[in-house]
């Protein structure tokens with residue numbers, strides 16, 4: 001029989017699935033604890049523009065590292081794909097990382113390879129040096145999660161649960177509002193600023209789109225069996241794609257990674273959904289990336 005606490009957790013998780021993804025063309029990920037005691041990582045991409053829609057998730061094999069999950073162009077287009085092509089899931093020894101951008105490889109994994117295994121505080125230090133993405137005027141948050149199987153195994157043996165870590169690097173709201181106000185004055189709606197207009201906006205606002213003022217939030221969460229914690233880039237229902245607010249929120253995990261991936265595919269708005277990917281990690285550190293769900297390959 002379920003305890004009152006577990007029933008409440010389940011109600012909260014199910015309600016989040018109904019409300020958190022409505023009218024929300026976000027990127028996001030979940031780190032959760034499957035009912036079979038395997039860790040599950042799930043991530044997804046969505047897109048409003050043609051370049052963002054023109055992507056797939058692909059598993060990349062490299063003899064020098066463990067398999068990774070990456071975003072790739074579906075059809076070669078010659079369009080600007082910066083911020084759109086990156087490693088989504090990667091691992092090095094005990095460390096498993098998931099993110100929505102280049103911070104996976106160029107931030108965390110690079111730091112791991114250079115000085116050796118780094119610990120939680122060091123990872124937070126690495127991410128403190130990053131800003132939100134430079135996709136003005138949205139300035140999409142950089143969201144990152146990671147899981148250390150060696151420490152998780154010790155926590156699991158002692159407490160019957162395990163833990164994951166989350167980072168959200170979001171634009172400062174006042175700075176974003178200031179930028180958007182000036183851009184709306186100088187640039188035709190629906191168009192990106194040209195180089196001259198961009199320089200003008202930066203001169204007036206005193207802001208640098210490549211190093212935009214950002215708020216850094218870090219979280220450590222114990223994972224209830226059968227549930228996970230989720231972070232998205234945007235909050236639901238925002239026409240200006242306002243950044244995710246609050247803390248990582250509870251969602252249910254399926255019995256298998258394929259079940260969980262399908263549940264999120266069904267939940268994401270079909271107008272924008274592009275791909276869903278997933279990975280399992282057991283307590284003996286066996287990991288496997290599942291076959292992605294791709295809109296263009298169905």
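Screening the candidates 67, 137, 141 for the property of being under 24 Å from residue 276 (Cβ atoms) and over 14 Å from the mean Cα position of the chain (by Cα) yields one hit, 67. Residues considered: 50, 15, 61, 10. Of these, the only one that is farther than 25 Å from residue 103 by Cα, at pLDDT below 95 and assigned by TED's automatic domain parsing to the domain that holds residue 229 is 10.
Where helices (runs of 4 or more DSSP H) fall entirely within region 135-212, those with at least 2 residues that are modelled with pLDDT of 95 or more and on the phi < 0 side of the Ramachandran plot are at 173-186, 195-205.
Restricted to strands (runs of 3 or more DSSP E) entirely inside region 1-113, those with at least 3 residues that are crowded, with 17+ Cβ neighbours inside 10 Å and in contact with a helix residue (DSSP H, G or I) (Cβ under 8 Å, 6 or more places away or on another chain) are 39-46, 87-92, 95-99.
Yes or no, residue by residue, for (1) free of Cβ contacts under 8 Å to residues at least 40 places away in the same chain; (2) within 30 Å of residue 180 (Cα to Cα):
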residue: 251; (1), (2): no, no
residue: 270; (1), (2): yes, yes
residue: 281; (1), (2): no, no
residue: 284; (1), (2): yes, no
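As a summary of the residue check, residue 246 satisfies the conditions (1) under 24 Å from residue 104 (Cβ atoms); (2) touching a helix residue (DSSP H, G or I) at 6+ places or on another chain (Cβ under 6 Å); (3) surrounded by fewer than 19 Cβ atoms within 10 Å (Cβ to Cβ) except for the one numbered (2). For residue 218, state whether it is closer than 18 Å to residue 147 by Cβ and surrounded by fewer than 18 Cβ atoms within 10 Å (Cβ to Cβ). When the stated conditions are applied, residue 218 passes them.
Results for (1) touching a residue at least 60 places away in the same chain (Cβ under 8 Å); (2) closer than 30 Å to residue 223 by Cα; (3) over 27 Å from the mean Cα position of the chain (by Cα), shown as yes or no for each residue.
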position: 157; (1), (2), (3): no, yes, yes
position: 163; (1), (2), (3): yes, yes, no
position: 172; (1), (2), (3): no, yes, no
position: 177; (1), (2), (3): no, no, no
position: 188; (1), (2), (3): no, no, yes
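Restricting attention to region 280-298 and to residues that are assigned to a strand (DSSP E or B) and in contact with a helix residue (DSSP H, G or I) (Cβ under 7 Å, 6 or more places away or on another chain), the residue that is farthest from residue 233 (Cα to Cα) turns out to be 281.
Here's the yes/no breakdown for (1) under 17 Å from residue 35 (Cβ atoms); (2) assigned by TED's automatic domain parsing to the domain that holds residue 146; (3) buried (at least 24 other Cβ atoms within 10 Å of the Cβ); (4) out of contact with any strand residue (DSSP E or B) (no Cβ under 6 Å at 6 or more places or on another chain):
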| position | (1), (2), (3), (4) |
| --- | --- |
| 241 | no, yes, no, no |
| 258 | yes, yes, no, yes |
| 269 | no, yes, no, yes |
| 279 | yes, yes, yes, no |
| 287 | no, yes, no, no |
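The numbered conditions (1) buried (at least 21 other Cβ atoms within 10 Å of the Cβ); (2) at pLDDT below 95 are all true for residue 234 except (2). Screening 202, 172, 188 for residues that are farther than 30 Å from residue 10 by Cβ and surrounded by fewer than 16 Cβ atoms within 10 Å (Cβ to Cβ) leaves exactly one candidate, 188.
The values are calculated or read from the model by the stated rules, or taken from the named source; none is laboratory data. Predicted, not measured: the structure shown is a model, and the values here were computed from it. Glycine gets a Cβ as well: all are built from the backbone with ideal geometry, and neighbour counts include every protein chain shown.
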